[in-house]
Amino acid sequence: MKKGVVSIVLTVAAIVVLSSFSNEEEPKDKEALGKLLFFDPILSKDNTISCATCHKPAFAFADTSAVSVGVDGNKGVRSTPSAMNVALQSVFFWDGRAKNLEEQALAPIENPVEMNLPLDEALMRLKQDDKYNKYFQKIFNSEPAKENLAIAIAAFERTLENSDSPFDTWKFYDDSTAVDDVVKRGFLVFNTKGKCVQCHFGSNFTLNEFRNIGLFNGKNLNDSGRVVISHDANDIGKFKIAALRNVAVTGPYMHNGMFKTLKEVIEFYNDPRKVIPDAVGIDSLLAKPLGLTQQDKDDLEAFLISLTDKRFSK
(Lines give C-alpha, C1' and ligand atoms only; values in the text may rest on other atoms or scores of the structure.)
Protein backbone atom coordinates (compact mmCIF):
# COMPACT_ATOMS: atom_id res chain seq x y z
CA MET A 1 0.00 0.00 0.00
CA LYS A 2 1.34 3.44 -0.93
CA LYS A 3 2.26 5.89 1.82
CA GLY A 4 -0.47 8.38 0.88
CA VAL A 5 -3.13 5.71 0.95
CA VAL A 6 -1.92 4.46 4.33
CA SER A 7 -2.17 8.01 5.69
CA ILE A 8 -5.75 8.35 4.46
CA VAL A 9 -6.72 4.99 5.92
CA LEU A 10 -5.26 5.87 9.32
CA THR A 11 -7.00 9.25 9.28
CA VAL A 12 -10.37 7.67 8.50
CA ALA A 13 -9.78 5.02 11.17
CA ALA A 14 -8.97 7.72 13.71
CA ILE A 15 -12.21 9.55 12.95
CA VAL A 16 -14.27 6.37 13.24
CA VAL A 17 -12.70 5.31 16.55
CA LEU A 18 -12.93 8.82 18.02
CA SER A 19 -16.59 9.20 17.06
CA SER A 20 -17.42 5.91 18.75
CA PHE A 21 -16.16 7.33 22.04
CA SER A 22 -17.24 10.96 21.84
CA ASN A 23 -20.94 10.78 20.96
CA GLU A 24 -22.63 12.44 23.92
CA GLU A 25 -25.71 11.01 25.57
CA GLU A 26 -26.97 11.25 29.12
CA PRO A 27 -24.74 9.00 31.24
CA LYS A 28 -26.47 6.24 33.17
CA ASP A 29 -23.58 5.18 35.40
CA LYS A 30 -20.20 6.36 36.66
CA GLU A 31 -18.37 4.78 33.72
CA ALA A 32 -20.48 6.70 31.21
CA LEU A 33 -20.06 9.93 33.18
CA GLY A 34 -16.32 9.37 33.27
CA LYS A 35 -16.32 8.88 29.51
CA LEU A 36 -18.12 12.19 29.03
CA LEU A 37 -15.63 13.98 31.26
CA PHE A 38 -12.68 12.30 29.55
CA PHE A 39 -13.62 13.91 26.24
CA ASP A 40 -14.75 17.29 27.58
CA PRO A 41 -12.26 20.23 27.58
CA ILE A 42 -14.23 21.83 30.42
CA LEU A 43 -11.56 20.57 32.82
CA SER A 44 -8.79 22.65 31.22
CA LYS A 45 -7.94 26.28 31.92
CA ASP A 46 -8.89 27.60 28.47
CA ASN A 47 -11.44 24.92 27.58
CA THR A 48 -9.25 23.54 24.78
CA ILE A 49 -7.65 20.41 26.25
CA SER A 50 -9.38 17.21 27.35
CA CYS A 51 -7.96 13.91 28.54
CA ALA A 52 -8.58 12.57 25.03
CA THR A 53 -6.43 15.31 23.50
CA CYS A 54 -3.33 13.45 24.65
CA HIS A 55 -4.87 10.00 25.08
CA LYS A 56 -6.06 9.58 21.50
CA PRO A 57 -8.59 6.75 21.05
CA ALA A 58 -7.35 5.78 17.59
CA PHE A 59 -3.87 5.16 18.97
CA ALA A 60 -4.83 2.98 21.93
CA PHE A 61 -5.36 6.10 24.05
CA ALA A 62 -1.72 7.20 23.74
CA ASP A 63 -0.31 10.27 22.00
CA THR A 64 1.51 10.47 18.68
CA SER A 65 4.16 12.99 19.68
CA ALA A 66 7.22 12.58 21.87
CA VAL A 67 5.70 14.83 24.53
CA SER A 68 2.17 16.19 24.62
CA VAL A 69 1.13 19.81 24.22
CA GLY A 70 -1.09 21.31 26.92
CA VAL A 71 -2.87 24.63 27.33
CA ASP A 72 -1.15 27.74 25.95
CA GLY A 73 1.07 25.46 23.84
CA ASN A 74 3.04 24.26 26.87
CA LYS A 75 4.97 21.05 26.26
CA GLY A 76 5.26 18.27 28.81
CA VAL A 77 8.53 16.61 29.68
CA ARG A 78 7.50 12.98 29.29
CA SER A 79 5.69 10.83 26.77
CA THR A 80 1.98 10.20 27.29
CA PRO A 81 1.42 6.49 28.03
CA SER A 82 -1.61 4.55 26.88
CA ALA A 83 -4.69 4.81 29.10
CA MET A 84 -5.78 1.34 28.01
CA ASN A 85 -5.34 -1.84 30.05
CA VAL A 86 -4.76 0.03 33.31
CA ALA A 87 -7.22 -1.86 35.53
CA LEU A 88 -4.55 -4.28 36.77
CA GLN A 89 -1.80 -1.69 37.13
CA SER A 90 -0.72 -0.71 40.63
CA VAL A 91 1.52 2.29 39.95
CA PHE A 92 0.87 5.23 37.64
CA PHE A 93 2.91 7.80 35.74
CA TRP A 94 6.45 7.06 34.62
CA ASP A 95 7.80 7.79 38.10
CA GLY A 96 5.00 6.05 40.01
CA ARG A 97 3.87 9.16 41.88
CA ALA A 98 0.21 8.07 41.83
CA LYS A 99 -0.73 5.00 43.85
CA ASN A 100 -4.11 4.36 42.25
CA LEU A 101 -6.07 5.24 39.14
CA GLU A 102 -8.27 7.76 40.95
CA GLU A 103 -5.21 9.73 42.04
CA GLN A 104 -3.81 9.56 38.52
CA ALA A 105 -7.07 10.76 36.96
CA LEU A 106 -6.99 14.11 38.77
CA ALA A 107 -3.31 14.99 38.38
CA PRO A 108 -3.38 16.22 34.74
CA ILE A 109 -6.15 18.72 35.56
CA GLU A 110 -3.91 20.77 37.84
CA ASN A 111 -0.62 20.11 36.05
CA PRO A 112 0.55 23.50 34.67
CA VAL A 113 1.84 21.98 31.42
CA GLU A 114 -1.28 19.91 30.84
CA MET A 115 -4.77 21.23 31.68
CA ASN A 116 -3.54 23.85 34.17
CA LEU A 117 -6.77 24.27 36.12
CA PRO A 118 -6.89 24.33 39.94
CA LEU A 119 -9.10 21.49 41.09
CA ASP A 120 -11.39 23.79 43.09
CA GLU A 121 -12.01 25.84 39.95
CA ALA A 122 -12.64 22.69 37.90
CA LEU A 123 -15.22 21.54 40.44
CA MET A 124 -16.87 24.96 40.46
CA ARG A 125 -17.24 24.79 36.69
CA LEU A 126 -18.95 21.42 36.96
CA LYS A 127 -21.24 22.65 39.75
CA GLN A 128 -22.25 25.67 37.70
CA ASP A 129 -22.97 23.52 34.67
CA ASP A 130 -26.62 22.42 34.85
CA LYS A 131 -25.93 19.33 32.78
CA TYR A 132 -23.07 18.04 34.95
CA ASN A 133 -24.80 18.95 38.21
CA LYS A 134 -27.74 16.85 37.09
CA TYR A 135 -25.49 13.93 36.09
CA PHE A 136 -23.53 13.89 39.37
CA GLN A 137 -26.69 14.15 41.45
CA LYS A 138 -28.26 11.29 39.54
CA ILE A 139 -25.25 8.95 39.68
CA PHE A 140 -23.59 9.88 42.99
CA ASN A 141 -26.48 11.56 44.80
CA SER A 142 -24.08 14.46 45.31
CA GLU A 143 -22.81 17.56 43.58
CA PRO A 144 -19.44 17.34 41.77
CA ALA A 145 -16.62 16.76 44.25
CA LYS A 146 -12.99 15.73 44.15
CA GLU A 147 -13.78 12.16 45.14
CA ASN A 148 -16.59 11.43 42.71
CA LEU A 149 -14.83 13.23 39.84
CA ALA A 150 -11.85 10.92 40.32
CA ILE A 151 -14.09 7.87 40.67
CA ALA A 152 -15.93 8.65 37.43
CA ILE A 153 -12.86 9.20 35.24
CA ALA A 154 -11.08 6.18 36.71
CA ALA A 155 -14.17 4.02 36.20
CA PHE A 156 -14.21 4.89 32.50
CA GLU A 157 -10.51 4.17 32.15
CA ARG A 158 -11.05 0.74 33.70
CA THR A 159 -13.41 -0.09 30.83
CA LEU A 160 -10.59 0.34 28.31
CA GLU A 161 -9.39 -3.24 28.52
CA ASN A 162 -8.67 -5.38 25.50
CA SER A 163 -7.59 -8.95 24.76
CA ASP A 164 -8.53 -9.41 21.12
CA SER A 165 -5.17 -9.45 19.39
CA PRO A 166 -3.76 -12.10 17.04
CA PHE A 167 -1.47 -13.15 19.89
CA ASP A 168 -4.47 -13.73 22.17
CA THR A 169 -6.21 -15.77 19.51
CA TRP A 170 -3.11 -17.90 19.13
CA LYS A 171 -2.14 -18.42 22.75
CA PHE A 172 -5.42 -18.24 24.64
CA TYR A 173 -7.86 -19.56 22.06
CA ASP A 174 -5.45 -22.19 20.75
CA ASP A 175 -5.64 -21.11 17.12
CA SER A 176 -2.22 -21.81 15.61
CA THR A 177 -3.27 -20.15 12.35
CA ALA A 178 -3.85 -16.75 13.97
CA VAL A 179 -0.19 -15.73 13.58
CA ASP A 180 2.65 -16.53 11.22
CA ASP A 181 5.77 -18.47 12.13
CA VAL A 182 7.70 -15.20 12.38
CA VAL A 183 5.48 -14.19 15.32
CA LYS A 184 5.99 -17.54 17.01
CA ARG A 185 9.75 -17.21 16.62
CA GLY A 186 9.55 -13.67 17.97
CA PHE A 187 7.70 -14.89 21.05
CA LEU A 188 10.54 -17.33 21.64
CA VAL A 189 13.11 -14.53 21.34
CA PHE A 190 11.00 -12.43 23.72
CA ASN A 191 11.12 -15.18 26.34
CA THR A 192 14.74 -16.29 25.91
CA LYS A 193 17.55 -14.48 24.14
CA GLY A 194 15.88 -11.08 24.28
CA LYS A 195 15.25 -11.29 28.07
CA CYS A 196 12.11 -9.17 27.52
CA VAL A 197 9.88 -11.40 29.65
CA GLN A 198 11.95 -10.65 32.74
CA CYS A 199 10.35 -7.19 32.83
CA HIS A 200 7.35 -7.52 30.53
CA PHE A 201 5.35 -10.33 32.12
CA GLY A 202 1.69 -11.12 32.71
CA SER A 203 -1.51 -10.37 30.83
CA ASN A 204 -0.48 -6.80 30.03
CA PHE A 205 3.25 -7.54 29.73
CA THR A 206 4.43 -5.41 32.64
CA LEU A 207 5.58 -6.19 36.17
CA ASN A 208 4.43 -2.79 37.53
CA GLU A 209 8.00 -2.17 38.61
CA PHE A 210 10.71 0.37 37.82
CA ARG A 211 13.93 -0.24 35.92
CA ASN A 212 16.89 1.80 34.69
CA ILE A 213 17.36 0.75 31.07
CA GLY A 214 20.15 3.19 30.33
CA LEU A 215 18.35 6.40 29.39
CA PHE A 216 19.90 8.57 32.10
CA ASN A 217 23.39 10.05 31.99
CA GLY A 218 22.94 13.23 34.02
CA LYS A 219 23.81 15.33 30.95
CA ASN A 220 21.62 15.51 27.88
CA LEU A 221 19.45 12.80 29.44
CA ASN A 222 18.93 14.23 32.91
CA ASP A 223 15.44 13.11 33.88
CA SER A 224 16.29 11.12 37.01
CA GLY A 225 12.88 9.41 37.20
CA ARG A 226 11.70 7.43 40.22
CA VAL A 227 14.35 8.75 42.62
CA VAL A 228 12.55 12.12 42.88
CA ILE A 229 9.53 10.31 44.34
CA SER A 230 11.21 7.56 46.38
CA HIS A 231 14.28 9.54 47.52
CA ASP A 232 16.20 6.28 47.23
CA ALA A 233 19.52 6.76 45.44
CA ASN A 234 19.17 3.28 43.96
CA ASP A 235 16.19 4.52 41.94
CA ILE A 236 18.09 7.08 39.89
CA GLY A 237 17.23 6.77 36.22
CA LYS A 238 14.46 4.25 36.88
CA PHE A 239 11.09 4.50 35.15
CA LYS A 240 7.96 2.40 35.17
CA ILE A 241 8.04 -0.65 32.92
CA ALA A 242 5.62 0.08 30.11
CA ALA A 243 2.84 -2.35 29.24
CA LEU A 244 3.13 -3.77 25.73
CA ARG A 245 -0.41 -4.34 24.55
CA ASN A 246 -1.02 -2.27 21.38
CA VAL A 247 2.60 -1.16 21.46
CA ALA A 248 2.74 -1.00 17.66
CA VAL A 249 0.32 1.97 17.66
CA THR A 250 1.49 3.83 20.77
CA GLY A 251 4.79 5.28 19.60
CA PRO A 252 6.95 7.30 20.04
CA TYR A 253 8.54 5.18 22.75
CA MET A 254 10.28 5.48 26.13
CA HIS A 255 9.51 8.00 28.87
CA ASN A 256 10.88 10.82 26.71
CA GLY A 257 9.55 9.61 23.36
CA MET A 258 13.07 9.46 21.93
CA PHE A 259 12.47 6.46 19.65
CA LYS A 260 9.97 6.72 16.82
CA THR A 261 9.75 3.07 15.79
CA LEU A 262 9.79 -0.41 17.28
CA LYS A 263 12.88 -1.14 15.20
CA GLU A 264 14.73 1.65 17.02
CA VAL A 265 13.54 0.31 20.38
CA ILE A 266 14.76 -3.19 19.59
CA GLU A 267 18.12 -1.88 18.35
CA PHE A 268 18.50 0.05 21.59
CA TYR A 269 17.75 -2.93 23.82
CA ASN A 270 20.13 -5.09 21.83
CA ASP A 271 23.03 -2.86 22.88
CA PRO A 272 22.06 0.16 25.03
CA ARG A 273 25.68 1.29 25.46
CA LYS A 274 26.00 1.69 21.71
CA VAL A 275 23.25 4.32 21.83
CA ILE A 276 23.95 5.87 25.26
CA PRO A 277 27.62 5.05 26.06
CA ASP A 278 27.71 7.09 29.29
CA ALA A 279 24.49 5.79 30.86
CA VAL A 280 24.44 5.79 34.67
CA GLY A 281 23.08 2.91 36.77
CA ILE A 282 21.86 0.69 33.95
CA ASP A 283 20.10 -2.52 35.04
CA SER A 284 22.24 -5.66 35.18
CA LEU A 285 19.92 -7.34 32.64
CA LEU A 286 21.24 -4.94 30.02
CA ALA A 287 24.84 -4.75 31.17
CA LYS A 288 25.95 -6.74 28.13
CA PRO A 289 24.70 -6.69 24.52
CA LEU A 290 21.95 -9.21 23.83
CA GLY A 291 23.55 -10.36 20.61
CA LEU A 292 20.34 -10.47 18.60
CA THR A 293 20.68 -11.33 14.93
CA GLN A 294 18.75 -9.44 12.27
CA GLN A 295 16.36 -12.38 12.08
CA ASP A 296 15.84 -12.20 15.86
CA LYS A 297 15.07 -8.48 15.61
CA ASP A 298 12.61 -8.94 12.76
CA ASP A 299 10.88 -11.80 14.55
CA LEU A 300 10.68 -9.84 17.80
CA GLU A 301 9.13 -6.88 16.02
CA ALA A 302 6.54 -9.16 14.41
CA PHE A 303 5.64 -10.56 17.83
CA LEU A 304 5.20 -7.08 19.30
CA ILE A 305 2.94 -6.11 16.40
CA SER A 306 0.84 -9.22 17.08
CA LEU A 307 -0.13 -7.69 20.45
CA THR A 308 -2.24 -5.09 18.64
CA ASP A 309 -5.96 -5.35 19.33
CA LYS A 310 -7.91 -6.03 16.16
CA ARG A 311 -9.78 -2.75 16.41
CA PHE A 312 -6.51 -0.91 15.73
CA SER A 313 -5.12 -3.21 13.05
CA LYS A 314 -7.95 -3.04 10.52
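The values are calculated or read from the model by the stated rules, or taken from the named source; none is laboratory data. Remember, predicted model here, so these are calculated numbers, not experimental data. Virtual Cβ from ideal backbone geometry, glycine too; neighbours counted across all protein chains shown. Note: accessible area is taken over every heavy atom of the protein model, side chains too, but ligands, DNA and RNA are not part of it. Shrake-Rupley method; radii C 1.70, N 1.55, O 1.52, S 1.80 Å.
Below is a table of values for the structure above.
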read-out	value
Unique residue being open to solvent by less than 30 Å² (accessible area, probe 1.4 Å), under 30 Å from Gly34 (Cβ atoms) and either at pLDDT below 95 or in a loop (DSSP other than H, G, I, E, B) (or both) when the list is Asn162, Asn208	Asn162
Complete set of residues in segment 90-133 that are assigned to a loop (DSSP other than H, G, I, E, B), in contact with a Phe, Trp or Tyr (Cβ under 9 Å, 6 or more places away or on another chain) and surrounded by 20 or more Cβ atoms within 10 Å (Cβ to Cβ)	Val91, Trp94, Asp95, Gly96
Filter pass, Thr169 being assigned to a loop (DSSP other than H, G, I, E, B) and hydroxyl-bearing (Ser, Thr, Tyr)	no
Breaking point among (1) part of a helix (DSSP H, G or I); (2) open to solvent by 20 Å² or more (accessible area, probe 1.4 Å), for Ile266	(2)
Where Trp170 falls short, out of the listed (1) of a type in the set (A, V, I, L, M, F, W, C); (2) surrounded by 15 or more Cβ atoms within 10 Å (Cβ to Cβ); (3) without any contact (Cβ under 8 Å) to a residue 40 or more places away in the chain	(3)
Close pairs from segment 275-302: first on the phi < 0 side of the Ramachandran plot, partner of a type in the set (Lys, Arg), Cβ under 6 Å, at least 6 apart	Asp283/Arg211; Leu285/Lys195; Asp299/Arg185
Residue in segment 15-27 that is modelled with pLDDT of 95 or more, crowded, with 20+ Cβ neighbours inside 10 Å and either within 19 Å of the chain's Cα centre (by Cα) or on the phi > 0 side of the Ramachandran plot (or both) present	no
Any hit, segment 68-86, residues being closer than 30 Å to Ser142 by Cα and touching a helix residue (DSSP H, G or I) at 6+ places or on another chain (Cβ under 7 Å)	yes
Verdict on Ala52 being outside any loop (DSSP other than H, G, I, E, B), of a type in the set (Gly, Ala, Ser) and open to solvent by 10 Å² or more (accessible area, probe 1.4 Å)	yes
Some residue of segment 225-247 being open to solvent by 20 Å² or more (accessible area, probe 1.4 Å), of a type in the set (Ser, Thr, Tyr) and part of a loop (DSSP other than H, G, I, E, B)	no
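One line per residue, one yes/no per condition, for (1) within 21 Å of the chain's Cα centre (by Cα); (2) among the aliphatic types (A, V, I, L, M); (3) buried (at least 21 other Cβ atoms within 10 Å of the Cβ):
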| residue | (1), (2), (3) |
| --- | --- |
| Asp181 | no, no, no |
| Leu188 | no, yes, no |
| Cys199 | yes, no, no |
| Asn220 | no, no, no |
